[in-house]
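The values are calculated or read from the model by the stated rules, or taken from the named source; none is laboratory data. It should be emphasised that the depicted structure is a prediction, and the values quoted were computed from it without experimental measurement. Neighbour counts are summed over all protein chains in view; Cβ atoms, including those assigned to glycine, are modelled from backbone coordinates with ideal geometry. Each accessible area value is taken on the protein alone, full model and side chains, heavy atoms only, with ligands, DNA and RNA left out. Shrake-Rupley method; radii C 1.70, N 1.55, O 1.52, S 1.80 Å.
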Amino acid sequence: MTHHNTFTRFCFFSPLAALTASKIGIEKGIFLGLIAVALGIGLRGAGNTTLLLGGTVLIGLGIAFCNVLLPAFLKRRYPESATTYTSFYILVMGIGAAASAALVVPVTTLGGGNNWRLALMACLPIAVLANLTWLSQLRHTTQTAADSSNQTVWRSAAAWKLTAYMAMNSLMNYVFVAWYAVIVQNMGYSAEDSGLYHGIALLSAMIPSLLLLPLLSQLKTPLYPCLAAVCFTLTGIALLLFNQEAALLAGILMGMGTSLGFIMGMSMLNWCSTDANHASALSGMVQAVSYLVAAIGPVVFGYLHDLSGDWHFSLTTLLACCVVWGGCTVLVSRQKMRTESVLPSTQQENH
């Protein structure tokens with residue numbers, strides 16, 4: 001339920017980010033997101049239920065702003081190497097997620113106590129450091145024209161193809177994150193082993209970033225890496241269905257597949273956008289719809305399990321959705337990869 005509520009907030013906050021960037025600039029919009037994340041972490045550790053919920057909303061707002069505006073920021077500042085930087089920051093995100101997940105239990109049980117408030121606030125120093133680091137960017141102001149791209153992007157067939165691809169990627173990823181450990185435990189593995197397998201699977205998501213970093217700038221078409229992402233994920237789901245002894249391999253393949261799919265989706269967002277203005281609007285649309293699917297997908301997956309009494313029906317349905325993702329991959333990979341320079345008529349940068 002917590003994941004469902006969080007993704008629903010992301011869905012509603014994502015379009016707001018592009019609008020905010022048109023008013024105060026991309027750099028200040030990202031800074032607002034970083035402040036919201038830091039404040040949210042602090043509130044969550046205050047020990048009050050109301051503040052806990054309020055902090056969660058702020059974190060959702062901040063993450064949505066940063067997720068939407070970072071592609072536009074990279075498109076404006078580093079138009080020739082935006083995809084490489086995208087892969088790098090996704091790698092860093094994966095490292096941070098794995099590290100924070102690994103530290104939660106040790107911090108909570110520190111000294112033999114129940115330090116859940118300390119665990120909730122453990123990432124606060126990193127959030128504060130991110131805010132301080134970003135201060136140097138505030139002397140730049142890249143404002144986007146929200147009235148043009150924000151209105152037309154929702155009527156673009158190319159934008160909807162990319163959105164469909166990213167939505168299916170989100171469905172695969174968040175069903176995997178939410179249910180993989182539970183499925184493995186229901187297969188007969190111990191809680192310790194299922195948790196360990198889940199951690200290894202999440203760590204394997206870093207492998208595509210490491211491999212793609214030196215290759216993205218030379219990539220001529222996104223088709224083959226995207227198809228590889230689908231095939232990895234499809235094979236992982238099939239192993240969970242038909243070979244329970246390969247549960248760990250299944251998790252590794254799904255972790256790699258969904259991560260590779262996300263990297264390519266964010267890269268295509270840069271390739272398909274003409275400038276920072278377009279990237280901001282396109283990112284807001286893509287992530288709003290993707291987070292909506294991410295909110296609904298795991299709930300429906302769990303409901304299908306309850307309906308059938310086992311995981312076979314749920315996994316078979318997920319397998320079919322993976323085939324649909326493959327179809328979306330073929331469609332979106334036909335889009336022209338753009339390398340045009342920034343259009344001065346739609347965005348301004350002040351120093």
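In the chain, a dipole from Cβ-located charges (positive for Lys and Arg, negative for Asp and Glu) runs towards its positive end, and of SER190, MET285, THR258 it is MET285 whose Cα lies farthest in that direction. Entry note, the chain: the mean residue ellipticity at 222 nm calculated from DSSP H runs of n ≥ 4, each adding -39500 (n - 2.57), is -26500 deg cm²/dmol after division by the residues and rounding to the nearest 500. With a 1.4 Å probe rolled over the protein heavy atoms of all chains, the accessible area of MET264, MET206, MET93 falls in the order MET93, MET206, MET264, largest first. With protein chains left intact and a 1.4 Å probe, residues in the chain average 46 Å² of accessible area per residue.
Which distance in Å, rounded to a whole number, links the C-alpha centroids of segment 234-257 and segment 259-324? Using only Cα atoms to place each centre, the spacing works out to 19 Å. Ranked by solvent-accessible area (1.4 Å probe, protein heavy atoms only, all chains present), the residues TYR89, TYR303, TYR224 order from largest to smallest as TYR224, TYR303, TYR89. Note on the chain: with a GNM built from Cα contacts shorter than 10 Å, the maximum mean-square fluctuation among ALA281, ALA320, ALA72 falls on ALA320.
In the elastic network of the chain, a GNM with C-alpha springs shorter than 10 Å, the most mobile of THR163, THR317, THR20 is THR317. Distance distribution note for the chain: the fraction of Cα pairs above 26 angstrom is 50%.
The GNM of the chain, with springs linking C-alpha atoms under 10 angstrom apart, assigns the highest mean-square fluctuation among PHE313, PHE242, PHE301 to PHE242.
Think of the chain as a dipole: +1 on every Lys or Arg Cβ, -1 on every Asp or Glu Cβ, centred on the Cα centre; then among THR274, CYS123, THR86, THR274 lies furthest on the positive end.
Note on segment 15-162: along the principal axes its Cα atoms extend 56, 35, 33 Å, ordered by decreasing extent.
If you sort ASP306, ASP275, ASP193 by accessible surface, 1.4 Å probe, largest first, the order is ASP306, ASP193, ASP275.
Among the protein heavy atoms, those of MET266 account for about 0 Å² of accessible surface (1.4 Å probe, every chain in place). Of the solvent-accessible surface of the chain, computed with a 1.4 Å probe over protein heavy atoms with every protein chain present, carbon and sulfur atoms account for 69 percent.
Relative to the Cα centre, the charge distribution of the chain, modelled as +1 at Lys and Arg Cβ and -1 at Asp and Glu Cβ, gives a dipole magnitude of about 860 debye. Between segment 34-92 and segment 193-225, the C-alpha centres lie 21 angstrom from each other.
Ordering TRP134, VAL323, THR221 by Cα displacement along the dipole of the chain toward the positive end leaves TRP134 in first place; charges were set at the Cβ atoms of Lys, Arg (+1) and Asp, Glu (-1).
Screening the chain for whole DSSP H helices of 30 Å or more along their axis (Cα) with average Kyte-Doolittle hydropathy at least 0.5 returns 49-77, 82-108, 157-186, 247-272, 276-308, 312-333. SER136 exposes around 60 Å² of accessible area when a 1.4 Å probe is run over every protein chain in place.
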